[in-house]
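One structure below.
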Amino acid sequence: METDLFTILAQDPAPQQGGGSFLLFAPLILLVVVYFVLLVLPKRKQEKQRQTMLDNLKKGDRIQTIGGLLGTVVSSDATEVLVKVDETHNTKLRFVRSAIHKVIADEKKPESK
């Protein structure tokens, strides 16, 4: 009785037990969980911080728009912000709130003697 290599390879593998289907999908489930933790949660946190920043805009805040324009908030309502961009000519522009990129912190210069 001679067994051939192809005969051995063609034979059915040992019968699997009932938990085999879960083990098949475990890497896929793990990949989805890792994706959620590494990409979705930080994005949600960042959007929440941005929304808080936009909700707290007030008159006198120095801001930068998504286009890079710098100015000072003159007034704001629920959907729009009026920004003064030029002091000498009193130029004001109106932006939607979502166009505000960030509020620029006032950098206090140390007084020289």
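So how do 68-76, 46-54 stack up, highest first, on mean other-Cβ count within 10 Å? It would help to have the intermediate numbers written out before the result.
Details: 68-76: 15.1, 46-54: 11.7.
The peptides rank, most packed first, as 68-76, 46-54.
Arrange the residues 89, 101 by how much accessible surface each exposes, largest first, with a 1.4 angstrom probe. Mind showing how you got there, number by number?
Numbers: 89 145, 101 95 Å².
My answer, sorted largest first, is 89, 101.
Once phi is turned into θ = phi - 60°, what whole-Hz ³J(HN,Hα) does the Karplus curve with 6.51, -1.76 and 1.60 give for every residue of region 74-81, x standing for Gly and Pro?
9, 7, 8, 10, 5, 10, 10, 10
Going by average Cβ neighbours within 10 Å, how do the peptides 33-41, 58-66 rank, with the highest at the top? Mind dumping the intermediate values first?
Details: 33-41: 9.9, 58-66: 13.7.
By packing density, highest mean first, the sequence is 58-66, 33-41.
Near the amide H of residue 101, under 5 Å away, which other amide H atoms are found, from residues 5 or more places off or on another chain, if H is placed in the peptide plane?
Counting only residues 5 or more places away or on other chains, the set is 64, 65, 66.
The values are calculated or read from the model by the stated rules, or taken from the named source; none is laboratory data. These numbers come from a predicted model, not from an experiment. All Cβ positions, glycine included, derive from the backbone under ideal geometry; neighbour counts span all protein chains shown. Surface accessibility is based on the protein's heavy atoms, side chains included, excluding ligands, DNA and RNA. Shrake-Rupley method; radii C 1.70, N 1.55, O 1.52, S 1.80 Å.
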